[in-house]
Amino acid sequence: MQDRVTFEYAIIRLVPKVEREEFFNVGVILFSKRKKYLGIKYEINTSKLKAFAPEIEIQLLNDYLNAWKLICEGNAAGGKIGEFEISDRFRWLAACRSTIIQSSKTHPGLCINPEKELQDIFDKYVL
């Protein structure tokens, strides 16, 4: 049990028509302070996207999510937010939004390997 560390995660949702409040999960953001880990994994199901909103360009969404990835990495290409402390970057990404890409409330957990946990949560809630 001592090998386990706390982590937080949020599910990334695609809300093609915000006014309808319909969404589907496209990814996960996971943060572990003790492991100094912030990771993101995403995949947009094009069939679901076409069913929800055929007019939305998938490349636009992928560009947006790639910007989130750059922020997670602390990459200079992630802009000013990418320069924030790791915990602040997670809080910014997991903050409530009214755009077509949103995140769920954060959820806590315990893990040994945050990267494996990210994959497990992604497999469970996105795929």
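From the set of residues in the range 81-90 that are part of a helix (DSSP H, G or I) and not basic (Lys, Arg), which is surrounded by the fewest Cβ atoms within 10 Å (Cβ to Cβ)?
88
Kindly indicate which of 118, 93 is within 15 Å of residue 36 (Cα to Cα) and either at pLDDT below 95 or in a helix (DSSP H, G or I) (or both).
The conditions single out 118.
Of everything in the range 93-110, what is within 12 Å of the chain's Cα centre (by Cα) and surrounded by 13 or more Cβ atoms within 10 Å (Cβ to Cβ)? Give them in sequence order.
Within the range 93-110, 93, 94, 101, 102, 103, 104, 106 meet the criteria.
As an exercise: evaluate residue 98 against (1) at pLDDT 95 or above; (2) outside any helix (DSSP H, G or I); (3) of a type in the set (Gly, Ala, Ser) and give the number of the one condition it does not meet.
Condition (1) is where residue 98 drops out.
Using beta carbons and a limit of 8 Å, which pairs, at least six apart or on different chains, have the first residue in the range 99-114 and farther than 13 Å from residue 33 by Cβ and the second one of a type in the set (Gly, Ala, Ser)?
The qualifying pairs are 103/10; 103/94; 103/95; 104/10; 105/10; 107/10.
Among the residues of the range 1-59, write down those that are among the polar types (S, T, N, Q) and closer than 19 Å to residue 108 by Cα.
Passing the criteria: 2, 6, 25, 32.
Just checking, how many residues over the range 8-26 are under 14 Å from the mean Cα position of the chain (by Cα) and either among the charged types (D, E, K, R) or under 14 Å from residue 90 (Cβ atoms) (or both)?
Of the residues in the range 8-26, 6 are under 14 Å from the mean Cα position of the chain (by Cα) and either among the charged types (D, E, K, R) or under 14 Å from residue 90 (Cβ atoms) (or both).
Right, residue 104: modelled with pLDDT of 95 or more, over 27 Å from residue 18 (Cα atoms) and of a type in the set (Gly, Ala, Ser) or not?
no
When both residues are 6+ apart or on different chains and their Cβ atoms are under 7 Å apart, which pairs have a first residue that lies in the range 22-34 and is in contact (Cβ under 8 Å) with a residue 60 or more places away in the chain and over 7 Å from residue 7 (Cα atoms), and a second that is surrounded by fewer than 24 Cβ atoms within 10 Å (Cβ to Cβ) and of a type in the set (Lys, Arg)?
Matching pairs, first to second residue: 23/13; 25/13; 26/13; 27/41; 28/41.
For the range 105-119, does any single residue satisfy the condition of being in contact with a strand residue (DSSP E or B) (Cβ under 9 Å, 6 or more places away or on another chain), of a type in the set (S, T, N, Q) and closer than 12 Å to residue 29 by Cβ?
The answer is yes; a qualifying residue exists.
The values are calculated or read from the model by the stated rules, or taken from the named source; none is laboratory data. Nothing here was measured: the structure is a model prediction, and the numbers come from that model. Neighbour counts run over all protein chains shown; Cβ positions are idealised from the backbone, glycine included.
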